[in-house]
1. Go ahead and run the numbers for FRET between B:Val401 and B:Ser64, Cβ-Cβ distance against an R0 of 56 Å, rounding to 0.05.
2. To the nearest 10 degrees, how steep is helix B:334-343 against the longest Cα principal axis of chain B, on a 0 to 90 scale?
3. Counting only residues 5 or more places away or on other chains, whose amide H sits under 5 Å from the amide H of B:Val214 once H atoms are built in the peptide plane?
4. Only Cα pairs under 8 Å and at least 6 apart count here; give the relative contact order of the stretch A:86-235 as a rounded whole percent.
5. Any chance you could give the angle, 0 to 90 degrees and rounded to 10, that helix B:438-456 forms with the longest Cα principal axis of chain B?
6. Exposure proxy check: B:Arg223, A:Arg104, A:Arg178 ranked by fewest other beta carbons within 10 Å?
7. List every residue whose amide H lies under 5 Å from the amide H of B:Tyr40, counting only residues 5 or more places away in sequence or on a different chain, with H placed 1.01 Å from N in the peptide plane.
8. Can you figure out the FRET efficiency of B:Glu338 with B:Glu439, using R₀ = 41 Å and their beta-carbon distance, to the nearest 0.05?
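Read the figures in this text as sums done on the coordinates, not as results from a lab. This is a predicted model, so every value here is computed, not measured. Positions of Cβ are backbone-derived with ideal geometry, glycine not excepted, and every protein chain shown enters the neighbour counts.
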Amino acid sequence: MSSSDIVKSALSEGRPKLLEHEALRLMELYGIKVADYGFAATPAEAGLVSEKIGYPVVVKVVSPDISHKTDVGGVILGLKSRDEVVQGCERIMKNVSERQPGARVTGFLVQKMMPQGLEVIIGGTRDQVFGPVVMFGLGGIFVEVLRDVTFRVAPVSIQDALEMLGEIKASKILDGYRSQPPIDKNAIASMIVSLSKLMEENPYIFSVDLNPVIAYSSGAVVVDARVIVSKAGVVNH
Amino acid sequence: MLDMFFKPSSVAIVGATPKEGKVGRVILENFKNKFKGYVYPVNPHYQEILGLKAYSSLQEIPGSVDLAVIATPAKTVPQILEDAGVKGVKGAIIISGGFRETGTVEGAMLEDEVKKISRRHGIRVIGPNCIGVIDNWSGVDTFFLPEDKMKRPPRGYVSVVSQSGAFASALLDWMAYHGYGVSKAISFGNKVDVDEIELLEYLADDPSTNVVFVYIEGVKENRGRDFLETARKVSARKPVVVYKAGKTKRGGAAAASHTAALAGDYTLYRSVFKQSRVLEATSFDEIMDLAKVLSTQPLMKGRRVYIVTDAGGVGVMLTDAIELSGLEVPETPADLRERLGGFLPPYCIVGNPIDLTGDADDERFIRVLDEILPRSDVDAVVVVALPQIPGLKGSLFEYLVEAKKYGKPILVVLIGGELAVDYRRFLEEKGIPVFESPERLAKALCALYTYSQIRINGGTS
């Protein structure tokens, strides 16, 4: 499936938010590295997928009706065997049926648990004045509370992207502190460039949140991708 | 090409009137007093206005007309613009209000009509609902605020582009009071045709503009990228200082995505300013601080700032402010220490700040500056010359004007009463920026450094 096929099928089915595996696939199509994952329709299938990925894994519910997966008990971390994965999926189904009865469960996303690193957020949106733009910031309280982020209008070059990294107030954290080594700025910058390309080439994508992206001293990996699509390129409320 | 607005050879004032206090009278007086080309008052009720022959319509004017200034009720504007089209007028500044800004259907329809007529005849339009243009070099002045209420600044090299007419006129009045020169000022109102982007482009090519100041509230939908690209191109040639008023709100998107919610913030505009290499003034003070430093000072090649002071305390304040801004106040190198120590009294401090103490005189300042200014490891010099000390008679300030020959930024701190104000006027008239506040000086100097890096590195900072 090409990127436009993924977007089109969501639009035709009236789903403003891409399913987890669709969003991750879209990122892969643009050369953005994501944590190893697989989609499974049933708990048994999830067990098989996890064998291929290798442990530990995380399992997340895939549903067009659920927007906050953790709130309904739809995410289970640190599963270390096939049995644990199968049981985990069953637990998720039970949680969902109790906390959000009637929500359709399309299946499960099995994802490799990534080692700790520095969590950053990379985003893209379509602005009414400036068109497609990309955003960078540190994850967690830096974005949620301090709103310490910076933008660029697409298309961005690798230099533009590196400049963004230096522009946030907390940029020194990227250079390492205490036991944390400096992160691979080029890996993050090239991810920003790829997202800028994605935003430019897909007019029906309204926004992308890659949150978190885990940055290491070498490389960076997307753990969660949230993609909102819209016919008009903007969201109507 | 927008020359018809700034360098017309003939101007018709439609709605000119002899009645005191009327917009049409003030504008006519402006042109009569300052503009060297042909001026034609247009008003069917008069044979003559302020000693000039009046015409009942644009058609009646015998010669060609480059620019029509229209200050008549909104409902008469479409017909006048139509006449202007037939007459072959190149540009119109529509001062009149009563269009889309009223929020009425009638106003919006009138504005659409104006737009259509201007397109059909190829007439360029500034306005409507604006105060138009001042060009201090050609004498064009459509600001309808009489000179006794709003002083006109002297000729200079800073141009002002403003979405708000009231802010533009207040700013110019304030600049006039402080003696800051202006090249051109444009308030573009509802921008049916000419907008800030095209004005930026025009001012980039204008030889009498060294610094462009832009006041914007928001860029029109889908014009963002054009703004960015134009601003970036212009910044590679001359400094653009932007003040953004108002924060955009796009609440709807908030729930859908983090990124979209954050883009609704002012953060996006700030990022765009960085991306386009324009300098953002974040306060009213900064607008003029940046403009006066950028319009008078040469590029600053590096970060190293030397401070020469007759007041230890202010030297320390400046050091803090300059270091905090990201520039450096380096230790005086050994060879320079030695040279300065050779002639300065032993109680002077030859570190940086170089403290000449309260018994300094003009001569001491001048000798030290003569040592420092030619050095390749000095990128800018700040002179703190508090005029209260007995030895300072004023020849230092004449020297500073001459010292521009070294091609380095020189800024001055003067704090005090009338004497300080007199010296300040003298220096600023000669293109040496003077500050009272060390913090404001540091910010402006840092902006000069930022801009210099943009120019030196060819657009990448």
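1. My answer for the efficiency is 0.80.
2. In chain B, helix B:334-343 runs at an angle near 80 degrees to the longest axis.
3. Sorted by chain and number, the residues that satisfy this are B:Val161, B:Val241, B:Val242, B:Tyr243.
4. Contact order relative to length: 24 percent.
5. Computed tilt is about 70 degrees.
6. A:Arg178, A:Arg104, B:Arg223
7. Here B:Val11, B:Ala12, B:Ile13 satisfy the definition.
8. Computed FRET efficiency for B:Glu338 and B:Glu439: 0.80.
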